[in-house]
1. Roughly speaking, what is the stretch gain from Ile231 to Ala120, that is 0.36 nm per residue apart minus the C-alpha to C-alpha distance, in nm to one decimal?
2. Roughly how many Å is it from the Cα centre of segment 211-270 to that of segment 94-153, as a whole number?
3. Taking the Cβ of Ser258 as the center, what net charge do the other residues with Cβ under 13 Å away carry, scoring Lys and Arg +1 and Asp and Glu -1?
4. For Arg183 and Leu224 in one chain, what is 0.36 nm times their gap in residues minus the Cα-Cα distance, to one decimal in nm?
5. Below 8 Å between Cα atoms, with a sequence gap of 6+, how large is the relative contact order for segment 1-148 in percent?
6. Using the basic label-point model (7 angstrom from Cα toward the beta carbon), what is the Ala205 to Val193 distance in nanometres?
7. Output the DSSP H helices from the chain with an along-axis C-alpha extent of no less than 15 Å and a mean Kyte-Doolittle hydropathy no less than 1.0.
8. Rounded to the nearest 500, what is the chain's calculated 222 nm mean residue ellipticity when only DSSP H runs of at least 4 contribute -39500 (n - 2.57) each, over all residues?
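Rule-based calculations on the coordinates, nothing more; no lab input. On a predicted model such as this, the values are computed, not experimentally measured, just so you know. FYI the Cβ positions are ideal-geometry reconstructions off the backbone, even for glycines, and counts take in every protein chain you see.
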Amino acid sequence: MKIPGEICLIRPINALVAGLAAILAYFIASGTLLPGTIILLAIVFLITAGGNTINDFFDVEIDHINRPDRPIPSGEVSKYHAGILALVLFACGILLSAFTNSLCFIIAVFNALLLVLYAARLKRKLFIGNMAVSYLTASIFLFGGAFYGIDGFEKISAIALMTFFAILSRELLKTAEDVEGDRAAGALTVPVVYGIRPTVFLALAFALCAVAVSFYPFRWWGSLYLWGILIVDAIILLAATRTLGCLHPACVREKRASQLLKIGMFSSLIVFTLSSALL
């Protein structure tokens with residue numbers, strides 16, 4: 001059975017995972033779960049789905065060449081229809097966020113605007129696009145923590161900051177892997193402009209920032225948390241250092257550093273969740 005074009009546009013699995021991450025962030029911040037946290041899933045799902053849709057709206061010319069099977073270039077969904085769908089999704093997500101608290105509402109509105117700006121302009125800007133992606137991912141945790149109040153926001157902020165730096169490191173490594181295609185397409189990424197070697201060193205610098213921030217929750221979770229997060233930090237540092245000798249994209253791809261960083265980030269969620277539940 002063919003999946004409707006509108007469903008393909010919103011990428012429901014991607015949006016659902018983002019929504020579940022917000023609930024997980026609330027649990028990490030509070031140590032408990034309430035039925036009312038389902039609103040977090042709904043808000044993040046809607047705004048993420050809106051972001052996915054508006055991304056395809058602005059990428060239609062590129063997708064005509066690279067992904068002609070996507071719903072808009074294939075003609076299954078009109079560009080006008082996609083724009084209206086994105087607007088409705090954003091509006092519903094922001095409307096729901098009005099039933100949370102002021103901090104959550106501000107984050108929801110800001111993220112919706114940033115998703116539009118990213119799709120329209122920022123994704124093509126040198127390094128700024130990478131930072132926007134990193135913030136948007138990390139802000140899911142800020143949103144979940146903010147639902148618990150200012151204390152939850154403060155507690156989750158270190159985890160969000162660690163996520164921001166780790167994602168930024170991974171984004172840079174991914175652009176280093178894709179430099180040939182980006183150069184051919186005229187994309188101004190960090191490795192295209194400055195080269196592979198500076199890029200992998202910059203990725204290492206942000207990985208070190210992620211590791212440094214990871215020690216902050218030791219204040220309330222203690223030594224057992226420290227042992228767990230040291231394993232995560234070792235994975236992150238291994239991923240970021242294994243590309244230091246690379247001078248070509250093929251070398252970066254062979255090292256599979258971005259995949260290893262993803263494993264490290266997933267492992268950190270396990271450590272944070274267990275620490276919140278048990279410590």
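1. Contour length minus the Cα-Cα distance gives 36.1 nm.
2. Centre-to-centre distance over Cα atoms comes out at 24 Å.
3. Net charge in that neighbourhood comes out at +3.
4. Stretched out fully, the Arg183 to Leu224 stretch lengthens by 10.1 nm.
5. 33
6. 1.3
7. Result, helices passing both filters: 12-30, 38-58, 79-97, 102-120, 128-146, 196-214, 218-241, 257-278.
8. Value at 222 nm, helices only, nearest 500: -26500 deg cm²/dmol.
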